[in-house]
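Only one structure is covered here, and it is reproduced in the block below.
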Amino acid sequence: MPALANDDFGLHDDDVIMDEAVDKAIFRSTIMSSQDDADYGTLLRMFYQRFFPYKMYFNWLNYDTLPNKNFFNREFSFTLASDVYLRYNSFADAEEFRREIERLQPVKIDIGAIYTAKPKDKKQLRPQAFQPVEKELVFDIDMTDYDEIRTCCSGGAICLKCWEFMTIAVKVLDEALRQDFGFKHLLWVYSGRRGVHCWVSDETARKLSNDSRKAIVTYLEVVKGGAQASKKVRLNQLLHPSLSRALDVLKDYFPQLILEKQHVLAEPETWNKLLELISDQVIRQALDERWQADPTRSAQAKWKDIKQQLLASNYNEARAETVMREIIFQYTYPRLDDNVSVHINHLLKSPFCVHPKTNRVCVPIDPQTCDSFNPLEVPTLARLHQELNDYNSPYGSGKSLSDIEKTSLAPYIKIFDTFVNELLKEVRDQKRGKSYGVLK
Amino acid sequence: MFKQKPRANRFAEQTQRTLHGDAGQVRVHSAYPSRLNFYLVPPQYEITVDEFEEFALDRLHVLKALEGAQLRNKSREESKQQLDTVSDKYLPLHSNQAVKAHNVFEERRKDHISHFILRLAYCRSEELRSWFLRQECALFRHRYENESMAEKHAFLDDLQLDWKVLSNEEKKEIFEELVSASAWHASQYSGQNVGLKERAKAFVESEGFFEVNFERVPELVSRRLVYIRNGKAYVPMSEQVSLVLDEFRNRLSKALEVTAKMLPRMDEDERLMPVLNNINKQYLGKDYGAQTKGTAGAVTADEVDSLVAHFPPCMRHLHMSLRHDKHLRHGGRMQYGLFLKAIGLPIEEALVFWRRAFANMTEDQFQKGYAYNIRHNYGLEGKRADYKPYDCMRIITSNPPSTGDHHGCPFRHFSSQNLEEMLFRYGVPQTQIREFTNLVSEKHFNVACTRLFELTKKLQGADASALVRELITHPNQWFEASYKSSKAAEDPNAMQIS
Ligand code: SF4
Ligand SMILES: [Zn+2]
């Protein structure tokens with residue numbers, strides 16, 4: 001099958017843009033930056049010069065330390081400040097990549113697939129000679145998919161209350177991908193604004209066919225159906241092991257998040273929405289009337305009412321429990337954007353981009369400690385700039401450290417380094433294993 | 001492979017295993033111990049060119065029937081029945097129980113050879129390969145599911161697939177998880193009065209499990225029907241068909257790619273090349289040529305208008321345009337003229353029909369410019385060939401209409417707006433128009449046409465599915481089905497058309 005057209009990803013086919021336009025765009029951002037010292041353009045330049053972890057980034061996507069096809073056949077695409085979009089870039093090594101980034105100053109970097117040839121040569125190649133062959137298995141979870149259940153914010157906004165949905169998503173998916181599918185190298189990344197990405201980087205994951213990707217995504221998907229469907233989760237009374245494990249996580253969060261923070265049972269409008277998940281009209285009505293009559297009733301008590309009411313009607317324990325579970329899943333189970341995951345040639349925003357609106361760096365998240373991850377504390381460009389200045393001022397402690405270590409970016413870089421080092425170690429072990437194999 | 005003269009077996013390089021000796025002499029059971037075949041070894045028989053073509057087309061009949069059944073969403077039972085009928089007719093394949101009554105060796109030989117011929121014909125493009133792969137998998141599945149348990153086991157033993165079977169200890173270790181993952185299988189399991197969990201337990205206890213890489217059973221994984229741990233899926237033996245099919249698909253898909261790569265270097269007999277090149281374009285239905293009598297008996301020029309109700313969309317459109325413009329350009333005259341000939345319009349009437357239709361033309365113009373052509377179509381001029389009416393494939397794929405032309409197939413050549421208007425005039429409800437536009441965007445023009453036929457007949461109160469068992473792939477097939485059904489409705493004693 002030929003590679004899908006760019007349109008399929010909602011991207012413009014701007015790889016035909018002439019160099020002139022690029023140069024103009026760069027020129028423009030230079031002018032803008034000269035007017036105000038600490039504006040986005042200048043800060044971004046500082047970021048690319050002093051903070052972007054080129055070496056480890058290269059080691060990651062190259063899956064080794066010496067350049068190979070993993071890196072030089074990999075597609076990168078750039079969005080420039082002028083909204084010019086450049087697809088099918090590729091680079092020989094980390095140095096070339098760095099030079100181009102520093103020249104273009106992209107406001108966004110997307111990572112695509114590894115192809116059978118160098119993406120920058122695409123125009124000279126026959127379509128059959130240019131096919132995507134490998135890519136990390138990626139996931140994209142975006143807060144906007146939770147708009148129908150969160151009450152605190154909507155659209156692009158997030159707060160600590162709704163961020164917990166992302167925490168749950170990281171925990172549930174991380175466990176499933178590791179335990180069910182046996183993947184080990186998962187990089188979780190804050191998307192810079194209101195979501196998280198996951199890059200499953202195991203060799204087996206990179207080599208998955210589109211069909212297998214699709215199978216995994218469908219397996220992980222529990223919340224189904226568009227805006228028109230109200231009931232989006234249907235469970236079996238006997239819960240699949242993967243879902244039981246997920247339920248353990250969900251139950252930890254549900255009372256706090258849904259009942260307390262999101263106040264879903266506090267107002268008739270939102271409680272009725274929840275009650276819609278019960279198919280029996282009589283039960284819904286009974287609960288609604290009871291809660292209307294008792295405005296001070298606590299959310300916890302109301303939650304218990306639901307099950308009681310089910311049992312008092314014709315539901316047996318197993319059926320009632322299944323309904324309760326369906327509610328919990330619909331309100332807390334991760335919601336995936338499956339398009340991103342299913343197609344090998346789909347592009348996804350790279351880690352360590354800087355979001356142009358929030359100015360926050362797309363930093364890695366450690367799934368072990370994702371509970372304490374606070375998106376509102378992720379370093380912004382201005383903060384990095386400030387921290388660097390503070391450190392270098394006569395009042396700083398004066399120890400000689402790398403720029404990264406002088407700032408609050410350091411712990412995030414450390415997560416990334418650990419992830420990459422584990423990958424490299426595996427590659428080394430494999431090589432060694434192979435050469436030992438000969439001796440045996 | 002297909003020897004016309006003795007030469008080296010050109011497939012030998014592609015498979016490691018080759019049969020030695022003259023397989024034709026080997027006893028039935030060692031050449032084909034089962035009627036199921038993974039087609040791992042190319043046939044080594046001498047066959048004639050005629051046999052070559054016949055085998056290929058017969059298998060194609062079966063594959064096309066399979067495709068038709070899938071596309072039209074027939075129920076499992078319906079498709080199975082239809083398939084059995086088509087198989088019996090073109091590619092009978094009896095099981096070992098029937099060794100005495102039938103020449104199973106001949107049947108299996110034909111199955112074997114025809115598969116390899118179509119491999120050659122269908123390996124040449126990604127599109128052809130994937131079509132062939134899909135149909136062959138469906139055919140294999142159909143046969144496998146029809147096979148007895150004992151036959152299945154014998155067949156699998158023979159293949160020596162190395163699927164790891166879970167030992168009792170291993171099963172015990174993950175017993176609880178297997179039970180929890182078996183909700184669906186348990187619900188298929190008898191004993192409705194026991195709880196689901198109890199049934200699942202009973203199911204797991206009595207069932208054996210394979211341990212395979214999860215990628216081998218994407219279907220079962222996506223529906224969460226199996227337990228998965230560490231990338232391994234634990235597949236109940238009753239789901240073996242998924243595994244067998246996966247194995248079949250993988251091997252055939254690889255083999256097709258290998259064949260495609262070898263094809264340029266293979267010098268098959270030059271008499272076979274044209275056959276191979278044309279197989280995938282073959283029209284398999286009735287050709288409505290001179291041997292067949294006009295469907296509606298002898299039709300007169302005057303009667304044509306009253307028969308338009310039985311015309312498929314393409315011909316109806318040509319007729320309307322002819323009436324409106326009092327003219328039709330060459331492509332339209334050919335497509336429509338040959339169609340009319342096949343419904344039973346004899347040459348004399350055809351001359352009258354066209355003469356009247358071209359009302360703005362002088363007699364002289366008509367005689368000089370058109371009469372010859374009409375007689376030519378009827379084999380009365382030139383090389384005196386009997387020209388057959390065009391089938392859909394030809395209308396859809398060759399000679400696309402340009403401005404001023406009205407020939408072609410509305411499903412293929414109309415703009416979506418014109419197509420929707422047409423469907424609307426046929427009385428297709430707004431809610432169903434989408435179904436048609438979807439079919440058309442996926443290039444299933446014949447399916448769309450068949451659906452329209454079924455729909456319009458249903459609107460007229462007829463039992464549509466009895467009228468068209470197969471896809472409509474020829475405009476005259478639409479006419480025939482429609483015309484005969486109306487005759488049958490008029491005359492209650494008339495035979496049911498089957
Ligand atoms: S599918 Fe065939 S019969 Fe139907 S309109 Fe097209 S060409 Fe005519
Ligand atoms: Zn919020």
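Taking the conditions (1) part of a loop (DSSP other than H, G, I, E, B); (2) within 12 Å of another protein chain (Cβ to nearest Cβ) in turn, residue A:247 satisfies each one other than (1).
Of the set (1) more than 14 Å from ligand 1 (Cβ to nearest atom); (2) farther than 22 Å from residue B:342 by Cβ, all apply to residue B:484 but (2).
When restricted to residues that are closer than 24 Å to residue B:347 by Cβ and under 27 Å from the mean Cα position of the chain (by Cα), the range B:381-396 contains 7. Would you confirm, using the coordinates I've provided, whether residue A:236 is more than 23 Å from residue B:180 (Cβ to Cβ) and in the same structural domain as residue A:325 (by TED's automatic domain parsing)? Here the answer is no, as residue A:236 does not meet what is asked.
Scanning the range A:236-250 for residues that are at pLDDT 95 or above and surrounded by 13 or more Cβ atoms within 10 Å (Cβ to Cβ) returns A:239, A:240, A:241, A:242, A:243, A:244, A:245, A:246, A:247, A:249, A:250.
Here is a yes/no grid of residues against (1) of a type in the set (Ser, Thr, Tyr); (2) within 17 Å of the chain's Cα centre (by Cα); (3) facing chain B (nearest Cβ under 9 Å):
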position	(1), (2), (3)
A:185	no, yes, no
A:189	no, yes, no
A:201	yes, yes, no
A:207	no, no, no
A:211	no, no, yes
A:214	no, no, yes
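Go through the range A:82-124 and give me each residue that's part of a loop (DSSP other than H, G, I, E, B) and closer than 24 Å to residue A:200 by Cα. Correct list: A:90, A:91, A:92, A:93, A:116, A:117, A:118.
Each residue in the range A:173-182 was checked for being of a type in the set (D, E, K, R), in contact (Cβ under 8 Å) with a residue 60 or more places away in the chain and within 13 Å of chain B (Cβ to nearest Cβ), and 2 pass.
All of A:240, A:185 fail the test of being closer than 30 Å to residue B:246 by Cβ and touching a residue at least 40 places away in the same chain (Cβ under 8 Å), apart from A:185. Assess whether residue A:381 counts as being in the same structural domain as residue A:199 (by TED's automatic domain parsing), farther than 25 Å from residue A:186 by Cβ and surrounded by 14 or more Cβ atoms within 10 Å (Cβ to Cβ). Considered against the rule, which asks whether it is in the same structural domain as residue A:199 (by TED's automatic domain parsing), farther than 25 Å from residue A:186 by Cβ and surrounded by 14 or more Cβ atoms within 10 Å (Cβ to Cβ), residue A:381 comes out as yes.
Can you confirm whether residue A:237 is within 25 Å of the chain's Cα centre (by Cα) and of a type in the set (S, T, N, Q)? Lay out the reasoning, then the answer.
Numbers: within 25 Å of the chain's Cα centre (by Cα): no; of a type in the set (S, T, N, Q): yes.
In short, no.
The helices (runs of 4 or more DSSP H) found wholly in the range B:193-311 and carrying at least 3 residues that are away from every other protein chain (no Cβ under 14 Å), under 30 Å from residue B:339 (Cβ atoms) and at pLDDT below 85 occupy B:273-279.
Here is a yes/no grid of residues against (1) of a type in the set (A, V, I, L, M, F, W, C); (2) under 37 Å from the mean Cα position of the chain (by Cα); (3) at pLDDT 95 or above; (4) surrounded by 15 or more Cβ atoms within 10 Å (Cβ to Cβ):
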{"site": "B:145", "(1), (2), (3), (4)": "no, yes, no, no"}
{"site": "B:154", "(1), (2), (3), (4)": "yes, yes, no, yes"}
{"site": "B:168", "(1), (2), (3), (4)": "no, no, no, no"}
{"site": "B:179", "(1), (2), (3), (4)": "yes, no, yes, yes"}
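Filter the range A:181-201 for residues that are outside any loop (DSSP other than H, G, I, E, B) and more than 16 Å from ligand 2 (Cβ to nearest atom) and give the result. Selection gives A:186, A:187, A:188, A:189, A:197, A:198, A:199, A:200.
Does residue B:114 satisfy the condition of being out of contact with any strand residue (DSSP E or B) (no Cβ under 9 Å at 6 or more places or on another chain), of a type in the set (S, T, N, Q), under 24 Å from residue B:46 (Cα atoms) and away from chain A (no Cβ under 14 Å)? Taking the combined requirement at face value, the residue satisfies it.
With respect to the stated conditions, residue A:168 is part of a helix (DSSP H, G or I) and either within 13 Å of the chain's Cα centre (by Cα) or modelled with pLDDT of 95 or more (or both).
Test of understanding: among B:446, B:399, which residue is within 16 Å of ligand 1 (Cβ to nearest atom), within 31 Å of the chain's Cα centre (by Cα), at pLDDT below 90 and assigned to a loop (DSSP other than H, G, I, E, B)? I'd like the intermediate steps shown before the answer.
Values: B:446 fails: assigned to a loop (DSSP other than H, G, I, E, B).
Step by step, each of B:446, B:399 is checked, and only B:399 is within 16 Å of ligand 1 (Cβ to nearest atom), within 31 Å of the chain's Cα centre (by Cα), at pLDDT below 90 and assigned to a loop (DSSP other than H, G, I, E, B).
Given the structure, is residue A:204 in a helix (DSSP H, G or I), among the polar types (S, T, N, Q) and within 16 Å of ligand 2 (Cβ to nearest atom)?
Details: in a helix (DSSP H, G or I): yes; among the polar types (S, T, N, Q): yes; within 16 Å of ligand 2 (Cβ to nearest atom): no.
It is false that residue A:204 is in a helix (DSSP H, G or I), among the polar types (S, T, N, Q) and within 16 Å of ligand 2 (Cβ to nearest atom).
What number of residues within the range B:164-187 satisfy the criterion of being within 14 Å of chain A (Cβ to nearest Cβ) and of a type in the set (Val, Ile, Thr)? Lay out the reasoning, then the answer.
First, pick out the residues of the range B:164-187 that are within 14 Å of chain A (Cβ to nearest Cβ): B:173-187.
If we keep only those that are of a type in the set (Val, Ile, Thr) too, we end up with B:174, B:179.
The qualifying residues number 2.
For the range A:255-274, what are the residues that are crowded, with 21+ Cβ neighbours inside 10 Å and either under 25 Å from the mean Cα position of the chain (by Cα) or facing another protein chain (nearest Cβ under 9 Å) (or both)? Across the range A:255-274, the qualifying residues are A:257, A:258, A:262. Quick one: how many residues across the range B:366-396 are of a type in the set (D, E, K, R) and either within 16 Å of ligand 2 (Cβ to nearest atom) or outside any helix (DSSP H, G or I) (or both)? Within the range B:366-396, residues that are of a type in the set (D, E, K, R) and either within 16 Å of ligand 2 (Cβ to nearest atom) or outside any helix (DSSP H, G or I) (or both) number 6. Contact annotation: residue pairs with Cβ atoms under 9 Å, 6 or more positions apart or on different chains, pairing a residue in the range A:150-172 that is outside the structural domain of residue A:252 (by TED's automatic domain parsing) with a partner that is part of a helix (DSSP H, G or I) and within 7 Å of ligand 2 (Cβ to nearest atom), are A:150/A:161; A:150/A:162; A:151/A:161; A:151/A:162; A:152/A:161; A:152/A:162; A:153/A:161; A:153/A:162. Summed over the range A:143-160, residues that are near ligand 2 (Cβ under 9 Å from one of its atoms), aliphatic (A, V, I, L, M) and assigned to a loop (DSSP other than H, G, I, E, B) total 2. Residue check, residue A:178 against (1) out of contact with any Ser or Thr (no Cβ under 9 Å at 6 or more places or on another chain); (2) within 16 Å of ligand 2 (Cβ to nearest atom), all met but one. Which one? Unmet for residue A:178, out of (1) out of contact with any Ser or Thr (no Cβ under 9 Å at 6 or more places or on another chain); (2) within 16 Å of ligand 2 (Cβ to nearest atom): (2).
With respect to residue A:127, is the statement that it is crowded, with 17+ Cβ neighbours inside 10 Å and away from ligand 1 (no atom under 16 Å from the Cβ) true? First the steps, then the outcome.
Working: crowded, with 17+ Cβ neighbours inside 10 Å: no; away from ligand 1 (no atom under 16 Å from the Cβ): yes.
Against the criterion (crowded, with 17+ Cβ neighbours inside 10 Å and away from ligand 1 (no atom under 16 Å from the Cβ)), residue A:127 does not qualify.
Scanning the range B:143-185 for residues that are part of a loop (DSSP other than H, G, I, E, B), within 27 Å of residue B:77 (Cβ to Cβ) and outside the structural domain of residue B:39 (by TED's automatic domain parsing) yields a single hit, B:182.
Given A:206, A:178, A:193, which one is under 14 Å from residue A:364 (Cα atoms), among the charged types (D, E, K, R) and either in the same structural domain as residue A:350 (by TED's automatic domain parsing) or surrounded by fewer than 23 Cβ atoms within 10 Å (Cβ to Cβ) (or both)? Before you say what the answer is, go through the steps one by one.
Working: A:206 fails: under 14 Å from residue A:364 (Cα atoms); A:178 fails: under 14 Å from residue A:364 (Cα atoms).
Just a single option satisfies the conditions, and that option is A:193.
Being within 16 Å of ligand 1 (Cβ to nearest atom) and either at pLDDT below 85 or away from chain A (no Cβ under 14 Å) (or both), is that true of even one residue in the range B:365-374?
no
The values are calculated or read from the model by the stated rules, or taken from the named source; none is laboratory data. Remember, it's a predicted structure, so these values are computed and weren't measured experimentally. Reconstructed Cβ throughout: ideal geometry from the backbone, glycine too, with neighbour counts over all protein chains shown.
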